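Scroll down for the structure; my scribbles are underneath it.
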Amino acid sequence: MRNSLAIGKISGISIFIHSTFPIIIVWIVFINVRQGYSTEQISRSVAFVLVLFFCVTLHELGHALVARRFDIETKDITLLPIGGVARLENMPENPLVELLVAFAGPAVNILIFLVLYFSFVISNIPFNITGMVHITGENFFYNLALLNLWVAVFNLIPAFPMDGGRVLRAILSMRVERLFANQIVAAVGKIIAVVFIGLGFFHNPFLILIGLFIFWGARAETQEEDHELSFLEYTVEEATTTEYHVIQKSDKLEKAVQVCLDEHKTGVIVMDGQVPYGTLSLHRIIKALSDGNGNTTVDTLTDVNSVHVEYNESIKDALLLMQQHKVSLLFVTKYKQLLGIVDQQSILAFCLQVNDDSDD
Ligand code: ZN
């Protein structure tokens with residue numbers, strides 16, 4: 001993330017703090033000074049915030065390490081004043097994996113809360129779950145327990161960009177299409193955002209900030225999903241067709257004309273026995289006919305400089321190859337075996353199909 005400073009690595013994942021992070025420290029000091037607290041109390045408050053952010057880091061590591069179990073690596077973890085962000089290499093597609101990865105973060109905070117809570121119970125110290133007092137040496141761990149619970153609850157709000165939004169989307173994705181699930185969560189997020197902003201005006205202005213954060217999150221998430229579906233990023237294999245027409249190189253030109261006319265094709269594949277020999281475009285056929293070469297065999301007209309593309313290259317790369325070599329058809333190969341062809345027609349058909357799938 002930009003404007004961030006690396007502070008270390010845990011389990012091979014770089015941890016950054018964002019340049020805006022000191023705002024929270026300045027804010028805590030400001031509040032404490034205004035309340036007239038001593039230097040010792042202020043430094044304890046700052047230490048508390050740092051420990052709290054260590055818990056936030058553990059929360060992000062929860063996401064990262066569960067994602068790693070499913071072979072998804074994490075680029076880095078950045079700490080912002082409002083919380084942490086773990087940037088995964090790619091988003092889990094499987095709803096169950098998404099659910100586990102999203103829930104892992106809040107689960108870490110719940111675990112910290114439970115450990116602290118039971119230590120209080122074992123030591124016979126009364127624990128009032130609703131009380132929150134100023135941070136001093138005596139209630140440091142009490143507040144830490146409460147805030148971890150609060151971080152867990154806050155993150156489980158069922159709206160983007162909170163973990164709860166992803167948990168909800170994962171659960172919905174098990175029943176409906178992912179894109180629809182996404183829209184539902186975005187809509188729920190907007191409602192929650194409006195409620196927070198409304199409450200903020202009457203109660204705590206901090207809620208307005210959270211509301212705006214959720215509102216922005218709902219928008220960002222839907223835009224990201226739309227971008228993900230660019231058909232140019234799919235592999236060539238998806239647009240490959242095996243419905244092409246072949247003729248032998250010893251065939252007469254007349255046969256090529258017949259195939260193009262009957263099948264509405266703009267070209268044919270010329271074979272040498274079982275091996276692809278080259279391509280013959282309708283354009284070349286018409287030119288040969290107008291030159292009066294109607295009686296010739298196709299091998300003399302075949303474009304043997306046929307271009308091959310590997311099945312796992314992107315459609316974008318395929319289109320670039322066509323442009324570079326001025327051809328309208330590519331042979332698609334998988335480990336040197338002919339898989340089929342891609343031409344402008346098959347790419348267009350695939351593009352329309354992808355659009356159709358994302359519309360409904
Ligand atoms: Zn999280």
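Things worth noting here:
- Value of relative contact order over segment 268-329, rounded to a whole percent, pairs C-alpha under 8 Å and six or more apart: 27
- Amide hydrogen proximity for GLN248: with H placed 1.01 Å from N in the peptide plane, the residues at 5 or more positions away or on another chain lying under 5 Å are MET271.
- Too-long pairs where the Cα-Cα distance tops 21 Å, listed order kept, from LYS265/LYS287; LYS265/LYS326; LYS249/LYS334: LYS249/LYS334
- Loop-resident trypsin sites (Lys or Arg not before Pro) (DSSP state other than H, G, I, E or B) in segment 1-79 with no more than 10 further Cβ atoms inside 10 Å of their Cβ: ARG2.
- Per residue value of the accessible surface for segment 162-321 (all protein chains in place, 1.4 Å probe), Å²: 58
- Solvent exposure of segment 14-75 amounts to 55 Å² per residue of accessible area, where only protein heavy atoms count and the probe is 1.4 Å.
- Across the chain, the relative contact order, built from alpha-carbon pairs under 8 Å that are at least six residues apart, equals 10 percent.
- Computed over the chain, the per-residue total of -39500 (n - 2.57) for DSSP H runs of n ≥ 4 gives a 222 nm mean residue ellipticity of -18500 deg cm²/dmol, rounded to 500.
- Annotation: amide H-H contacts under 5 Å for THR296 (H modelled 1.01 Å from N, sequence separation of 5 or more, or interchain): LEU253.
- Local net charge near ALA67, Cβ-Cβ under 15 Å (Lys/Arg +1, Asp/Glu -1): -3
- Neighbours of ASN293 by Cβ distance under 12 Å: Lys/Arg scored +1, Asp/Glu scored -1, total +1.
- Carbon and sulfur %, accessible surface of the chain computed with the full protein complex present, 1.4 Å: 61
- Distance from segment 1-59 to segment 138-176 (C-alpha centre basis), Å: 20
- Across segment 262-277, computed HN-Hα scalar couplings (Karplus, 6.51 cos²θ - 1.76 cosθ + 1.60, θ = phi - 60°) run 5, 9, 6, 9, 9, x, 10, 9, 9, 10, 10, x, 9, 9, x, 9 Hz from first to last residue, x flagging Gly and Pro.
- Amide H partners (placed H, <5 Å) of SER14, local residues excluded: ILE77
- Remark on the chain: ratio of C-alpha radius of gyration to 2.2 N^0.38 Å is 1.50.
- Shape call, segment 2-76: gyration tensor on alpha carbons, a/c limit 1.5: prolate
- Residues in segment 288-303 carry Karplus couplings, in order, of 5, 5, 6, 7, x, 9, x, 8, 7, 7, 6, 4, 6, 9, 5, 7 Hz; the curve used is 6.51 cos²θ - 1.76 cosθ + 1.60 with θ = phi - 60°, and Gly or Pro positions show x.
- Formal net charge of residues neighbouring TYR311 (Cβ-Cβ distance under 12 Å; K, R +1; D, E -1): -3
- J(HN,Hα) series, segment 195-208, from Karplus relation 6.51 cos²θ - 1.76 cosθ + 1.60, nearest Hz, glycine and proline x: 4, 4, 5, x, 5, x, 5, 9, 10, 10, x, 4, 5, 4
- Coil-residue trypsin sites (Lys or Arg not before Pro) of segment 245-332, DSSP, other Cβ within 10 Å capped at 14: LYS326
The values are calculated or read from the model by the stated rules, or taken from the named source; none is laboratory data. Bear in mind the structure is a predicted one, so any value in this text is a computation, not a measurement. Cβ sites come from the backbone with ideal geometry, for glycine too, and all protein chains shown count toward neighbours. Side chains are part of the model used for accessible areas, which takes the heavy atoms of the whole protein and leaves out ligands, DNA and RNA. Shrake-Rupley method; radii C 1.70, N 1.55, O 1.52, S 1.80 Å.
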